[in-house]
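**Student:** Shown below is the structure under consideration.
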Amino acid sequence: MKKITFLVMLLISVISFAQSESTSFEEPEAIGGDYTDTGDAIMAHDLIDNAGEPFVNFPSTGEELGFTASYAPYDTPGVGLTDGDSVGVTSFAPDGNYPFPDGVQGYKISDVDGNFILEFDEFVTTSTGPSISLYFFITETGYEGDGTVNESGSDRLRIYIRHIEEGTEYDIIDTTGDDINDLGIEGQWINSSVSLPSSYDFPDLTFQLVIEVRCNASTEAFFFDHIQFDESLGLENNSQKTFSIYPNPASNGYVNVTSTSSGVKTVFVYDVVGKQVINTTISSNKLNVSKLTSGVYIMKISQNGILSTKKLVIK
C-alpha cells in the first residue's frame with residue numbers, strides 16, 4: 001500500500017466551488033450519556049448503535065455524508081468501549097469558549113481503551129482540483145507515548161484520505177512518532193485540508209475519509225466537525241501555472257516567487273504541524289526564508305484573487 005503524507009494546512013481559500021459533499025453531524029439526534037459497546041473487546045469489530053445512546057454510525061440521507069464506526073483492540077486487549085464511554089454524535093462542545101465551527105453538533109471520541117476507526121461514505125470526484133477539509137479539536141491534557149506501538153499509553157490521532165482505486169493514503173495529520181503534547185495542536189479548533197489528485201490525470205476518482213484515534217482516558221478527547229469534500233471549478237489547476245518558486249529546494253536564504261500576472265503577492269508558509277511561520281506580502285519576486293530550518297513546508301500564494309499551494313523544501 002502506498003502512503004503519501006501531506007502536511008497539515010490551515011484552510012485559506014478564495015476558490016468558489018461547484019459541488020460539495022459534507023457533514024457537520026447535524027442530522028443525527030444528539031443523545032446525552034455514554035455509549036456502551038456490546039461486542040467483544042478482545043476482537044476487532046464494527047460498532048452498532050444502541051437505543052438511547054449516542055449515535056456512532058449514521059447512514060446518508062442525501063443531505064450529509066454517512067459514517068460508520070469500528071473498534072480494534074490493543075495488541076494486549078483492554079476493556080475497549082464495553083465500560084461505557086463518551087463517543088459519537090454530541091451537542092457538547094469542547095468548551096464554552098470553543099463552540100462547534102458549524103452548527104451545534106459534532107463528533108467526539110474519547111477513552112477508547114483501544115482504537116476507534118470512523119469511516120465516511122466514499123466520494124467520487126470528477127473535478128480538476130478536489131480538496132477535503134475538516135475541523136478537529138484536541139483537548140489539553142497529559143497524552144502519553146508517541147503512538148508507535150498498539151498499546152495503552154501510546155496515544156495517537158491519524159486523519160487520512162484513502163484513494164480507493166489505487167490504495168494510496170493521503171495523511172491530513174498523523175501524530176504517530178510524536179507525543180501529542182509536543183505538537184502545539186491542543187486546545188483549539190484547527191481547520192485542516194488536503195488537495196487530492198486531479199481527475200485531469202485520473203478520471204472518476206473515489207476517495208474516503210478515515211479518522212483513527214487511540215487513547216485510554218476520559219480527559220483525552222478528540223472532537224470533529226464541518227467535514228467538506230469540495231470540487232473546484234478548475235481555478236486551482238490554472239493557478240498552478242500562474243505561480244512558480246525557485247530555487248526549490250532552497251539553501252541560500254531566499255526563494256523567488258514569480259507570477260504570470262502583476263501586483264502584490266501575499267505569501268503564507270506553514271510547517272509540518274500547520275503552524276504559520278511566514279505571513280507577508282511581496283511586491284518583488286524575492287522571499288526571505290533565512291529563518292526557516294531544514295525541512296518541508298507548504299507555501300500558499302495569493303494574488304489578484306488567485307490562490308495556489310506549493311511545496312517548499314529548505315536544505
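The values are calculated or read from the model by the stated rules, or taken from the named source; none is laboratory data. No experiment lies behind these values; they were computed from the predicted model shown. Here Cβ is always computed from backbone atoms with ideal geometry, including for glycine, and neighbour counts include all displayed protein chains.
**Student:** Given the options Val257, Val277, name the one that is modelled with pLDDT of 90 or more, surrounded by 12 or more Cβ atoms within 10 Å (Cβ to Cβ), farther than 29 Å from Leu157 by Cβ and within 28 Å of the chain's Cα centre (by Cα).
**Tutor:** Val257
**Student:** Could you check how many residues of the stretch 194-209 are modelled with pLDDT of 65 or more and surrounded by fewer than 20 Cβ atoms within 10 Å (Cβ to Cβ)?
**Tutor:** Selection size over the stretch 194-209: 4.
**Student:** Let me ask something else. List pairs: first in the stretch 173-186 and of a type in the set (Gly, Ala, Ser), second surrounded by fewer than 19 Cβ atoms within 10 Å (Cβ to Cβ) and part of a loop (DSSP other than H, G, I, E, B), Cβ under 7 Å, 6+ apart or cross-chain?
**Tutor:** Short answer, once both residue conditions are applied: Gly177/Asp146; Gly177/Thr148; Gly184/Val273; Gly184/Lys275.
**Student:** If I ask for residues that are of a type in the set (S, T, N, Q) and closer than 18 Å to Tyr246 by Cβ, which ones from the stretch 256-272 would you list?
**Tutor:** Asn256, Thr258, Ser259, Thr260, Ser261
**Student:** Applying the selection to the stretch 241-267, what residues are in a loop (DSSP other than H, G, I, E, B) and either within 18 Å of Gly295 (Cβ to Cβ) or touching a residue at least 40 places away in the same chain (Cβ under 8 Å) (or both)?
**Tutor:** Pro247, Asn248, Pro249, Ser251, Asn252, Gly253, Ser261, Gly263
**Student:** What number of residues within the stretch 78-123 are of a type in the set (Phe, Trp, Tyr) and at pLDDT below 95? Lay out the reasoning, then the answer.
**Tutor:** First, the residues of the stretch 78-123 that are of a type in the set (Phe, Trp, Tyr): 92, 98, 100, 107, 116, 120, 123.
If we keep only those that are at pLDDT below 95 too, we end up with 98, 120, 123.
Residues meeting the conditions: 3.
**Student:** Any residue at all in the stretch 100-115 that's surrounded by fewer than 17 Cβ atoms within 10 Å (Cβ to Cβ) and either free of Cβ contacts under 8 Å to residues at least 40 places away in the same chain or of a type in the set (D, E, K, R) (or both)?
**Tutor:** No, there is no match, as no residue in the stretch 100-115 is surrounded by fewer than 17 Cβ atoms within 10 Å (Cβ to Cβ) and either free of Cβ contacts under 8 Å to residues at least 40 places away in the same chain or of a type in the set (D, E, K, R) (or both).
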